[in-house]
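Novice: Sharing a structure, written as structure tokens. Questions coming.
Readers should treat all values here as calculations from the given coordinates under stated rules, not as data from a laboratory. Since we're looking at a predicted model, the values are computed, not measured. Cβ coordinates were reconstructed from backbone atoms using ideal geometry, including for glycine residues, and neighbour counts include every protein chain displayed.
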Amino acid sequence: MQTNLRIRVSATARRDGVLTTRPGGPRSCLLALLAALLGGLAVVATPSPAHAAACGTTNVALNHPAVASSTENGSFPASSAFDGNQGTRWSSQFSDPQWIQVDLGSTQSICGVQLRWETAFGRAYQIQTSPDAATWTTIFSTSSGPGGVENLTVTGSGRFVRMFGTARGTVWGYSLWELAVFTTAGAPPPDPFWGDVSTIPAAHNVLMLKILNRTNGQYPDNQVFWSFNGTVHSIAEQPFFDMPVNSSGRMYFYLGAPNSSYFDFIEFTVGASVFNGNTTRVDAFGLKLALRLHAHDGFDTQVGETQAVFAEDRSVTFQRFINAVPQQFKVLAQTQAPFRIIAPGSDPSFRAGGANASYYTAYESSVGVNEPTSNVFGCAGSLAGNPSMCAALNRHVATLSSAQQADRTQYYLSAPANYYAKFWHDNAIGGLAYGFPYDDVNGQSTFISHGSPQYLLVAVGW
């Protein structure tokens, strides 16, 4: 791969502290020397002319949602690698492997990636793409990464892009000032799952909501219903809803009839210029749901079940749940089948007098908690005021360090754990799901929030 590195004098481009490094080591000394020699010079890396001609120059990952395998601490979140600020960075725990990924919002044809490393860089890593953050394809691989600014020419497509590091170049973790993604010229075709968004009318209130029938032919549009504030319509009658300001709202969805046992809902609070909302599996799974929020500033993100889950029959989803979870949890997909898979805290077997009433007793006692098992699943009792502990118990990381509790690769590795929640994370876009009340600890839930919202798409599946 050919790259050109040019040094440009730019008084206006200078950023205070941009060469901040870790103390010690030859690389830190070199950067310090470079800073002293260059003073007000800005170092700008550009792709080769051939690459620039074939690839766009707009960073399509800028300000898009990002998650990482871990963070060094709360000062170095994944989002800092995609904020366009070369004075902020993501930094991982000091171990291998580690990864950071970004959601581009739709499938893109990717032709270039720029990694702007801090002193702690990746020696061996892959650049990977995925349609759903579950199945990954490697489009670039190296075992001799030099660090600094790396401009990579790649060929691939996907909605998610990930840097997956397998060997660090220093004793520290992986740390990126910025990770930029570039795509081929021309707008991508409409995503067949979400449809043509250009036909969505402008909102007169805060944002326009559109409901999509993704039941794979099981129900026609006149049998897919939505209900909000006492108003009920089929999407054949009214697929759009001009969302006003509201607080703690719910919109329900029904298949077959407005009072059908096949139902589910989304939650939201809408301000004058902001949308806050989520899908939820806290109580039960009723219907496959996915949200796509798009804002006027270009922000675009998706949460909910993956398109692969939408594509399969409902009976397959129920059976996969039964096959995936331990024996104690299988009943959750059986007692109210085929309508719902209920959360464990709602099942009699995990309540007082039930066969699994002591499921969490020994484990919670080891960290000084004394609550019924159902309260652990439901974050109730004393756990209602202790989100971190409730999340740690559900994820089986309560006896680990705070750094390990922030590392999502440690979750659900041993029993007792909330394997109901684990299943929904394993089958969700980006691995994000609301499997229990405090699943938003460490940003693992489907909660999305953004200002200047333009439209919200809600896919309803069978």
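Novice: Treat every Asp and Glu Cβ in region 122-200 as -1 and every Lys and Arg Cβ as +1, leave all other atoms uncharged, and give the resulting dipole magnitude about the Cα centre to the nearest 20 debye. Walk me through the numbers on the way to the answer.
Specialist: Values: 4 positive and 5 negative charges, 69 e Å.
For this selection, approximately 340 debye.
Novice: Which whole-number percent gives the relative contact order of region 206-462, counting Cα pairs below 8 Å spaced six or more residues apart?
Specialist: Numbers: 519 pairs, mean separation 68.6, N = 257.
Result for region 206-462 is 27 percent.
Novice: Once the dipole of region 316-462 is set up with Lys and Arg at +1 and Asp and Glu at -1 on Cβ about the Cα centre, which of Ile429, Ser382, Ser445 lies farthest towards its positive end?
Specialist: In region 316-462, that residue is Ile429.
Novice: Another question, if that's okay. Once you place label points 7 Å from the Cα toward the Cβ at Thr399 and Asn276, how far apart are they in nm?
Specialist: So the label points at Thr399 and Asn276 sit 3.7 nm apart.
Novice: Tell me which of Ser80, Gly122, Gln101 sits at the most positive position along the dipole axis of region 67-141, charges placed on C-beta atoms (Lys, Arg +1; Asp, Glu -1).
Specialist: Checked the options; the winner is Gly122.
Novice: Which whole-number percent is the relative contact order of the chain (Cα, under 8 Å, 6+ apart)?
Specialist: This gives 15 percent for the chain.
Novice: Let me ask something else about it. Expected output is a single nm value to one decimal: the length gained when fully extending between Asp440 and Ala415, i.e. 0.36 nm times separation in residues minus the C-alpha distance. What is it? Numbers along the way, then the final one.
Specialist: On the way: separation 25, 0.36 × 25 = 9.00 nm, distance 2.10 nm.
Full-extension gain reported as 6.9 nm.
Novice: Dipole magnitude of the chain about its Cα centre, charges +1 at Lys/Arg Cβ and -1 at Asp/Glu Cβ only, in debye to the nearest 20? Each step should come with its number before you reach the end.
Specialist: Values: 26 positive and 29 negative charges, 185 e Å.
With only Lys, Arg, Asp and Glu charged at Cβ, the dipole is about 880 debye.
Novice: Could you please report the charge total around Pro437, scoring K, R as +1 and D, E as -1 over all other residues with beta-carbon less than 14 angstrom from its beta-carbon?
Specialist: Numbers: positive: Arg281, Arg395; negative: Glu267, Asp283, Glu371, Asp439, Asp440.
Summing Lys and Arg as +1 and Asp and Glu as -1 gives -3.
Novice: Rounded, prolate or oblate: which one fits the chain, using the alpha carbon gyration tensor with axes a ≥ b ≥ c (rounded when a/c is under 1.5, else prolate when a/b beats b/c, else oblate)?
Specialist: Details: a/c = 2.15, a/b = 1.40, b/c = 1.53.
Here the chain falls in the oblate category.
Novice: For Phe228, what charge total do you get from the other residues with a beta carbon under 12 Å from its beta carbon, if Lys and Arg give +1 and Asp and Glu give -1?
Specialist: Numbers: positive: Arg250; negative: Asp242, Glu267.
Net of charged neighbours comes to -1.
Novice: Continuing with this model, one more query. Of all the C-alpha pairs in region 247-334, what % are more than 15 Å from each other?
Specialist: Cα-Cα pairs in region 247-334 separated by more than 15 Å: 69 percent.
Novice: By its C-alpha gyration tensor, with a ≥ b ≥ c as the square roots of the eigenvalues, how is region 277-390 shaped: rounded for a/c under 1.5, else prolate for a/b larger than b/c, else oblate?
Specialist: Working: a/c = 2.84, a/b = 1.38, b/c = 2.06.
Taking the square roots of the gyration eigenvalues as a ≥ b ≥ c, region 277-390 is oblate.
Novice: Here's a follow-up. Can you find, among His396, Ala337, Tyr360, the residue sitting farthest towards the positive end of the charge dipole of the chain, where Lys and Arg contribute +1 and Asp and Glu -1 at Cβ?
Specialist: Farthest towards the positive pole: His396.
Novice: Please get the size of the charge dipole for region 55-183, origin at its Cα centre, with Cβ charges of +1 on Lys and Arg and -1 on Asp and Glu, quoted in debye to the nearest 20.
Specialist: Numbers: 6 positive and 8 negative charges, 29 e Å.
Its charge dipole is roughly 140 debye.
Novice: What is the local net charge at Val67, summed over the other residues whose Cβ is closer than 9 Å to its Cβ (Lys, Arg +1; Asp, Glu -1)? If you can, show how the numbers build up before the last one.
Specialist: Values: positive: Arg408; negative: Asp103.
Once all neighbours under 9 Å are counted, the net charge is 0.
Novice: Okay, moving on. Go through region 331-339 residue by residue and turn each phi into a ³J(HN,Hα) via Karplus (6.51, -1.76, 1.60, θ = phi - 60°); whole Hz please, and just put x for glycine and proline.
Specialist: 4, 4, 9, 10, 5, 10, 5, x, 8
Novice: Shifting gears a bit: To the nearest 10 degrees, how steeply does helix 314-324 sit against the main Cα axis of the chain, on a 0 to 90 scale?
Specialist: The angle comes out at about 70 degrees.
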